[in-house]
Structures are given as C-alpha cells and as structure tokens.
Amino acid sequence: MSRQSKAAKKKGGRRRYTGQQGRQAVQHKRRDGREERHDGADQRQGHVHRQSQPNQRAQHVGSGSHSSPAAAVKAVGLAGAGKKAGDKETEAPVQKNGICEAEIIGIGHEGEGVGRVRDFTLFIPGALPGERVRVKVLKVKKHYGYAKLLDVLQASPERVAAPCPLFDQCGGCQLQHLSYEGQLRFKRQHVIDCLERIGKLRVAGTGPAREEKPGKGAESAERSIGVKSAPSPAGDANGKQEAKPDRDGGETQPAQVAKPGGQDSARPEAMTANAGIVVHRGIVVHPVLGMDKPWHYRNKAQVPIGEQEGGLVGGFYAQGSHRIIEMDACLIQHDVNDEAVRRVKAIAREMGIPAYDESTGRGLLRHVVIKSGRMTGEVMVVLITNGGKLPREDEWIARIREAVPGVRSICQNVNTRQTNVIFGDETRVLWGSEVIHDAIGGVRFAISARSFYQVNPVQTEVLYRKALEYAQLTGSETVIDAYCGIGTISLFLAQAARRVYGVEVVPEAIEDARRNAELNGIANVEFEAGRAEDVMPAWQRRGIRADVVVVDPPRKGCDAGLLETIAAMQPKRIVYVSCNPATLARDLRVLEDFGYRTIEVQPVDMFPHTVHVECIVSTYFTG
C-alpha cells in the first residue's frame, strides 16, 4: 500500500477518504454529458507556465485548479512588489496606459506571455518566455495586470512567424508564433508541472528515489518497464532503456519526438529491482508525440454565423469577445471542412437567410457545423437554427447537395435558447443518412450530429495504440471502459481482450456504441447507459471482475464516486486518457492514495498550435 492509502478507512468494502487532502481531491462536480469532452479549440483552462531559456527546465506557475489569473498569481507568490512581512501594501510599479519593459518568464493559460516588471506580473499576448519586450499597460489590478505587446526587444530563439494572417485576432490557436519543437517541449513541461504541483507526484529525474517492497502489482510493473527482479546493471540505474518486445516478437524503440531540444529523449526507468526491494524512481513522462504535418488536422468545424453591415458573416469570435470575424480558411481545419463552410455560407447569403443576433435573440442561422470522415471522405452538414421552421427547405437541401462534394448527411439542430451552447436538444435529418462514417486503426465508426468523436483522427490512432500497449492485453482479460462514449476505445481494445464492457451516461452515445460494434462485427463487447459508479458495482454483483479499467473523462476529470468504485474493484491496471493535465494530476493523486502506482505518462499532441495536450497514463495496483 502507498503511504496515503494506509490512512484511508475501509467501510463496506470501499476505502473512504480521510483528512483534508482527500476531501479536496474528490470535491469536484459530476459531468453532465459527453459533449463536454474537450476538442482542443473551444475551451481553456487556467494555467500559467514559467519558463527560462528554451533549453532550460520550465517551472510551473499556478495550476488548472485556479479559476482566475489572480488565483494563479497568488498561489505562487508572484503578487506584490517585493513586500516583506509587516510592510504596508505598495502601489503597483506600472500604471494604466504606461509604457514599460518586461521580462517574460512563462506562458499563461491562454498562451499569453507572463511578464515581470519589478516583481509585478503582466499578462502579455504574443510574448514568449525568455524575451524582453516593450508593452503598453491596459489594465492594472492589485497583484497583476494586462498589457499590449508593442515591440520585442530581445526575441526568443523559438519565435517564428505565425503563418495564419488572422492569428493576432483569433483565439483558436494560441501558439503559432512558437516553433513546433518549442510547443512540444512546453506541453511536456506543462504535464510535469501539473503532476508535481497539483498531484504532489514525483517525476523521474526530479527527486530522490523511493524504496518499497514488491506488492501484488510489482512483478507486473517490472514487466511493463522492462526490468527483472534481479540486480540491475549500472546502466539501468542511469536511466538507459532496453528495447521492448512487441506483440509480434520484434522490438520497439522508446517513444520519441524528433528534435526534443533540451529534453532527454531516452526513456528513463521508472523502477529497478534489487535484493527484493523495488526502487521507484518516479513517473516517466515521455517526450510528446507530435505530428509530422501539424496542419489541417481537424475533422470538425463549428462556425458561428452573424450579421455585419447588413450581410451574413461566418468565421470565428475575435479573441475575448463575441464579435464574429469573417474567415474562409483555417490552417488547422481540414480543407474539406473549409470548402463546405464557404459554400454553405454562400448559399445562405444568396437565399437571404437571416443570421442569428445573440443580442436580440432574433434571426435564424446560428452555426454551421461540418463533420468529415478522413478515411471515407463522407461529409455531414448540420444547420443550427433558432427555430424549427426552415424556410425554402427543399431549395436549401438541393443546393447543398449540389455544392458540397461528398455530402452524405444534411441535418438541422434546433436551439432557441439564448446561450453560447452550440447544440440544442432537437436534431432532425433533412436529407441522407443519420450518420457518416470514419475509421481508426481498421475499426469503422458511425458519427451522428451530436456524438463525440476525436477531432484529430491521425493522432487519435496514436493515442489508442498507446492505450492498447499500456493495457497489456493477452486475450484473456476483462476490460471496463468507464467513459466509453460511442465505443471508440472499447472497440479498439476488444480486438485484444476476452471481453470489454463499456458504460456511458449519455444514452444516445450508447446507441451509437452498439451500432458501431455491429458495424464491425465485434461481439465480445457489451454497452450500458448510466453512471459508471452505479453500473460497475452492478456488474461486479453479476460476477464481472475487471482486470483493466480504462477511463477517458471530459475536462473536469473523473467523478469522485467513480474513483472510489474503481478502487473497490481493484483492477490490476488502470489506463487513464486525459485531455486536461490538471485534473489528471488530481485524479492520479487520489488513485495513488488508493494503492495504485503511476508508472509512465505519454503526452500526445492532439491539438497542435494550441495550449492543449492529451495524455495517456499507465498505472498498476500495488496491493
């Protein structure tokens, strides 16, 4: 058992949290639906990252648990101007509309530079760590302020020219001005910082090793990292890694990213075993798996529609506002999506369709959503409307069919609420199929208008293959997928498991999952709608015992009750897929307190040129 789990109490076969840390760890809201799952372009989390020069180790400032810049600044002592205990409150060293120079020490939660002026913090969009800049102060609060970048006096070697002409206005991509290699280093350090500061977990190479006697999971853990229960050679202690056998009997090399810069690309060992003692050297955080071509990767476009100077426009919201800027091409969107949006907007203009005005609640067309199958070329067009009646419906359908290549489905979604939520509750098929199809790793998926499907299919396959590797399936295991959605991971794992059980709170997603299983002729899966923390104990009463549990929660992380339920079932392994390193770190801390050991984390760049990163984590039960 871990040192924290010794302090946990058992009641009715479940561990209960004790102490303030345990209570804080589980006090988070329950998700309300699968659509909340992050897709990398629409949501942001409060982070501040502190970095020095590109080849030096970055330091994390603040965390995703902070809801505002003030909270992030206060958490790490950036507030104030060098005040000592007993000093009176001093005035900020900057004033609104003042011009000053700042040293950039980090990256903020929306990709902005974090600057210092005599110990006072300024958030400066467009600035990069290691730079000295001249800025105009726009707003001053008690402990921090906001400024506009005027000149870069000393540029970072990682600075590049952003290729998008609208980069300075759009909030969708935050890091186009940072080299791609620099983005990957930043994201890896972000993951490390969250694990250390939020999860209070030790990352390999950042602290002293911890010794512990092998428990039930130690032998399995040793296999997973390629070491044997025998005196390890000196090279192993220095972090060298032998090639691992893959399922076909060959050898695979450690996951690396080209040109990782200042990071050691060789995989250090998480553990070694000597004289019956397992030495835990910390969690291995691998270099981020990036893309060879990190552009035009998104398979879904969600374009807000509005009206300016009497004409219909559609594109993106200007950063920090709801003012729509017209755009016909996005460098991270697949070309098929851009072309479909252009043609649908042109049809709406020619037909005189009124755009929705969110200030008055009037107008018809709110959003145009395009989904495309990378492997199939199939396209779905979804018209989000402020009302159920669609004028000249037949003409709309005919013109879209004629103008959009590959269209297989035209749908209408009705949303009459005055809200920034895109989809409403009612969806109807205007023409064609209810779904389009795509494939990941040979598994076909049916995608409906509202079903969640990863937006970067190339990196999704990378992610899922890593999940399969971390699950270490031999064909005899029972697997539970606790946030199964439309069954993407479940069906991927079912190819190597004895049986897979998927549970999801959204009934429509479960219908899609069952359809996808039938589509692929996969019979060793079972899906059930409901809360995982309710369904999993019922499965256990039926005699179903999981060897491996996979979780892929939305940004808010795992439900507290689910973590307790998983711990009560005591699967040998938990594979955690996360789109939010902050809540990942929080949940891993809880699992460690329940007796699980985190072995390695593989970040995957699902959303190039944004501040977001996906992670997949391998853990095992220590007993």
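The values are calculated or read from the model by the stated rules, or taken from the named source; none is laboratory data. Bear in mind that the values here come from a model prediction, so they are computed numbers and not experimental data. Cβ: placed from backbone, ideal geometry, glycine included. Neighbour counts: every protein chain shown. These area figures cover heavy atoms from the full protein model, side chains too; ligands, DNA and RNA do not enter into them. Shrake-Rupley method; radii C 1.70, N 1.55, O 1.52, S 1.80 Å.
Between His322 and Ala496, what's the calculated FRET efficiency when r is the beta-carbon distance and R0 is 56 Å? Round to 0.05.
Step by step, r from the Cβ atoms, then E = 0.75.
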*Would you mind telling me the antiparallel percentage of the DSSP bridges in region 121-174, rounded to 5?*
75
*asked:* Given the whole protein assembly as supplied and a 1.4 Å probe, what does the accessible area of Lys148 come to in Å², nearest 10?
replied: 120
*How big is the accessible area of Arg392 in square angstrom, nearest 10, if you roll a 1.4 angstrom probe over the protein chains?*
120
*Any idea how far apart Glu526 and Arg417 come out in nm if each label point goes 7 Å out from Cα toward Cβ?*
3.5
_Residue pairs, from the table Lys141/Lys187; Lys300/Lys345; Lys187/Lys300, whose Cα atoms sit over 18 Å apart_ = Lys141/Lys187; Lys187/Lys300
*asked:* Keeping every protein chain present and rolling a 1.4 Å probe, give me the accessible area per residue for region 297-359 in Å².
replied: 44
*Which value, in Å² rounded to 10, gives the accessible area of Lys466 with a 1.4 Å probe and all protein chains present?*
30
*Multiply the residue separation of Glu518 and Glu402 by 0.36 nm, subtract the distance between their alpha-carbon atoms, and state the gained length in nm to one decimal.*
38.6 nm
*What are the ³J(HN,Hα) values, in whole Hz, obtained from phi via the Karplus relation 6.51 cos²θ - 1.76 cosθ + 1.60 with θ = phi - 60°, for each residue of region 122-137 in sequence order, with x given for Gly and Pro?*
10, 9, 10, x, x, 8, 10, x, x, 8, 10, 10, 9, 9, 10, 6
_Accessible heavy-atom area order of His612, His437, highest first, probe of 1.4 Å_ = His437, His612
_Which of the three applies to region 295-418, rounded, prolate or oblate, going by the alpha-carbon gyration tensor with a ≥ b ≥ c and a/c under 1.5 meaning rounded?_
oblate
